[in-house]
Amino acid sequence: MDSGTVEAIERNTVQAVAPEQLDDGLTGWLLPMDRGTVGRAQCAVPLSHAAPDPALIDAIAERYRARGFPVAWRLPEWPEWAAFTQALGERGFRRTQPTQTHIAEVAELLRRLPDPPHGVELRLADAPDAAWLAMFLGEGLDPVDGASRSRALSRAQGTRFVSLSEAGQTLACGAASVGHGWLGVHGMRTAARQRGRGLAGMVLRAMAGEALRRGIPRVFLQVDAGNAPALALYQRAGFQLAWPYAYWRR
């Protein structure tokens, strides 16, 4: 990916997860800082995938220490980064949580994905309601992580909150971050007992419709590399892998 595209996607991502603090003063990097559970709100991330200087590691770590936050990293998995990640390993950091960034054309999502059926109500709002927030505390979800994620997403600027409901019950939701020329897909959730109905695809289509109304042609998302059902959905929707990345933590 060209550097302009990488920077736009990463700035949209950090905008969406709304960290407690953001150090944007180091050329070529964003340094979000947060005490919650959302990794993207806590990790130093490069704005270009060009080979970095490992000497930056200590300088970046010092910026986190100076503000009272532990340093962590979210780094692309390209051969050019081998020297940097080796230096991280020598400092006690370990690779975790392999993840992928995928991109698509908004028009392709609109072509491939279905509208909600009769009886399923679509809602888009500038702020999340109680039912949207409760989706992160549902069956099978970690309540601490869910509460942290819902707080981070709900305090973001430039986000539209999408939900599907039926007979007064919220079935699925997501957060559409608009900015830097992209629509970013975040916070996708489907109620445990509603899975298999294609609801996530309907949420994605609603987000794509919002992007179309705003004249935004491209959409991205990040997905755990081991989440096979989500990967299958995104492939059917027209997403393609842009780059893989992983987290590096002590």
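None of the figures in this text is laboratory data; all of them are computed from the coordinates on show. All of these numbers come straight from a predicted model, not from anything done at the bench. Here Cβ is always computed from backbone atoms with ideal geometry, including for glycine, and neighbour counts include all displayed protein chains.
Taking Cα atoms only, the orientation of helix 228-237 departs from the longest principal axis of the chain by about 70 degrees.
Averaged over residues, the count of other Cβ atoms within 10 Å places the peptides 82-90, 162-170, 119-127, 31-39 in the sequence 31-39, 162-170, 82-90, 119-127, highest first. Given their separation in residues at 0.36 nm each and the Cα-Cα distance between them, ARG65 and GLU105 gain 10.4 nm when the chain is fully extended.
Calculate the FRET efficiency for ASP126 and GLN86 from the Cβ-Cβ distance with a Förster distance of 30 Å, rounded to the nearest 0.05.
0.10
Other residues lying with their Cβ under 15 Å from the Cβ of LEU233 contribute a combined charge of +4, Lys and Arg counting +1, Asp and Glu -1. If R0 is taken as 30 Å, the Cβ-Cβ distance between THR37 and ARG214 corresponds to a FRET efficiency of 0.50.
Here the sum of -39500 (n - 2.57) over DSSP H runs of 4 or more residues, divided by the residues of the chain, equals -10000 deg cm²/dmol at 222 nm, to the nearest 500. For the chain, the equivalent ellipsoid built from the Cα gyration tensor has semi-axes of 32, 19, 16 Å, listed from largest to smallest.
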